[in-house]
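The values are calculated or read from the model by the stated rules, or taken from the named source; none is laboratory data. Keep in mind that this is a model prediction, so the values were computed, not measured. Quick reminder, even Gly has a Cβ in these numbers, built from the backbone with ideal geometry, and neighbours come from all protein chains shown. Just the protein is used for accessible areas: all its heavy atoms, side chains included, with ligands, DNA and RNA removed. Shrake-Rupley method; radii C 1.70, N 1.55, O 1.52, S 1.80 Å.
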Amino acid sequence: MLLIKNCKVLENGKAVERNIIAEGGIIQKITAPSAAKSADEIIDAKGKLAIPGLIDAHVHCREPGMTQKEDFRTAGYAAAAGGVTTILDMPNNRPATTTAWLLEEKRKLAAEKCIANYGFHFGATEGNLAEIRNAKNIASVKVFMGSSTGDLLISNEGTLDSIMGTGKRIAVHAEDEAMLKANEKSQGAGTWTAERHLEARNKMVAASAASLAITAAKRKNARMHLCHISTAEETELMAKFRRNMNLSCEVTPHHLFLPVEDAAKLGTMAKVNPPLRRKEDVAALWNALNSGTIDMVATDHAPHLLEEKSSDEPPSGMPGLETMLPLLLDAMNRGRLSMQQVISLTSANPARVFGIQSRGHIAEGYFADITLIDLKKEKTVRNDELQTKCKWSAFEGWKLKGTVASTIINGRLAYDGSQVIDEHKGNEAMFG
Ligand code: DOR
Ligand code: ZN
Ligand code: ZN
C-alpha cells in the first residue's frame, strides 16, 4: 500500500488537504488527512498540490529506427521528469508503424523499456487500409497531409476519405503538401531561415489542409483530432465545426510560448512543422485556449540531435516533455491560466478525447498516476539536466516558476524532483 500524505488536491476549484491511498497501482481512497494510517510506503507531500499525472497525446519516442535521438527508456525518463505519466507515441519511425506486426514489435519495446505508461498512434499510408481496420487498442490513426520527419504522407483525397471512413479516431498533421512544395520551389535553393520556413509553410498551407481534413471527416462522420494547431485560421475552423462534429485539437507549448519574432537566436533549433508563428497567431491560440476551443496541450516532443539540427539540412522538431508543465505553471503564476485549466488541458481532456480508461483524474478506482507540484519554486531550464537523449531545449535559460516535485506512475515513485527512478515499467494505456 502507498500513502501520499499531506497533499492538496483540487476539488470543485478549491485546494483541499487530502491523503491518497493506493494499492496495486490503483487509488483506493482519498481521505481527510486525520484518517492517515500506516502504509508500506509513505510519500510526504509536505503540502504540495497533487494533480493527475499528465497525459501527453503527441510524443515521438523514435524507437525503432531513430534511437540516436531518443528511445523508450529516455522518453520515459523525460516524461517522468516532466510530470508526464502517459505518453501517446507517434508512428513516423523507421520503419513507420503501419502494420499490426510492426505495432506488436513496438509494443514489446515499450513494455521492456518505458517507465511511463504508453499508447500508440498508428500510421496511415496510401495502401494500408486493411491494417488500419485491424489495428487493436490504438489512440488514433495518424495522417500526415504534409511531409515531415519520416516518409508518412497521404496526398490523395480519395485515400483520406477512405481512412476517415474506417471508424477509427483520425489524428491529422494538417499541412498541404502540394502548396508547401510549390512554395519551396518558388523560393529556390538557399540556406534555412525562420522567415523562409514560415513562408513555405505559411498559414494557408495549414488552414487549407485543416479545412480539407475537417470536410472529409464531416462527410464520413469520423472522429477527428487536429494536431498542433498554430494559426488563427485553425482556431476559427475549430470553433465553427467542433459544435456539431466529433472534433478535437491540441496546441504545443512551443506554439504558445515561442512566437517566431522571439526565436531568432534559436536558429535551426526553432525549425518545427508547422512552423513557429507570428505574435498575432500566438494571441489567437491563447484566446482559443481560454475559450475552450482547444482541448489539450500536447508537446509534439520531437527530439533531434544538435549535430543533426546544425547540419545543412536540419530536421524539423524540438523536444518538449520536460518543459510543458513548468511552462504552463509559470503561465498560471502569471495569471494567464487557472490551475483547473492546466489540469483539464493536460490530463482530463486528453483522457476524454482519446478514451483512455481509468486515467486522467485523481479519483477512487483510477490509476495512481499523480504529479506533485511546487507552485512557488523557480527553476531554470538547463540542457545538461535534461533526461531526453537529445539534451537540449529551446527554452534553455528560461526561469520558470512552478516545478515538478515528484511523479508517481501506477502508484510508484518514478521521479523525486531530481532523480528518475527506473524500477518499474509503465502499462499500456487502454482505449475505450
Ligand atoms: O516538427 C516536426 N517534427 N513536425 C512533425 O510533423 C514531425 C516531427 C518529427 O517527427 O520530427
Ligand atoms: Zn505533426
Ligand atoms: Zn509530431
Any helices (runs of 4 or more DSSP H) falling wholly within region 105-222 and containing at least 3 residues that are within 27 Å of VAL282 (Cβ to Cβ) and at pLDDT 95 or above: 177-187, 194-200, 203-220
Residue in region 357-372 that is crowded, with 20+ Cβ neighbours inside 10 Å and either farther than 30 Å from LYS136 by Cβ or without any contact (Cβ under 8 Å) to a residue 12 or more places away in the chain (or both) present: yes
Region 118-147, residues that are surrounded by fewer than 19 Cβ atoms within 10 Å (Cβ to Cβ) and either within 12 Å of ligand 1 (Cβ to nearest atom) or at positive phi (or both): ASN137, SER147
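Yes/no per residue for (1) at negative phi; (2) buried (at least 23 other Cβ atoms within 10 Å of the Cβ); (3) out of contact with any strand residue (DSSP E or B) (no Cβ under 6 Å at 6 or more places or on another chain):
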residue	(1), (2), (3)
ASN6	no, no, no
PRO33	yes, no, no
GLU41	yes, no, no
ILE51	yes, yes, no
CYS61	yes, yes, no
GLN68	yes, no, yes
LEU88	yes, yes, no
Residue within region 214-221 that is open to solvent by 10 Å² or more (accessible area, probe 1.4 Å), among the small types (Gly, Ala, Ser) and more than 25 Å from ASP330 (Cα to Cα) present: no
Test result for THR97, hydroxyl-bearing (Ser, Thr, Tyr) and touching a Lys or Arg at 6+ places or on another chain (Cβ under 9 Å): yes
Of all residues in region 246-275 being free of Cβ contacts under 8 Å to residues at least 60 places away in the same chain and not in a helix (DSSP H, G or I), the one that is nearest to THR323 (Cα to Cα): VAL251
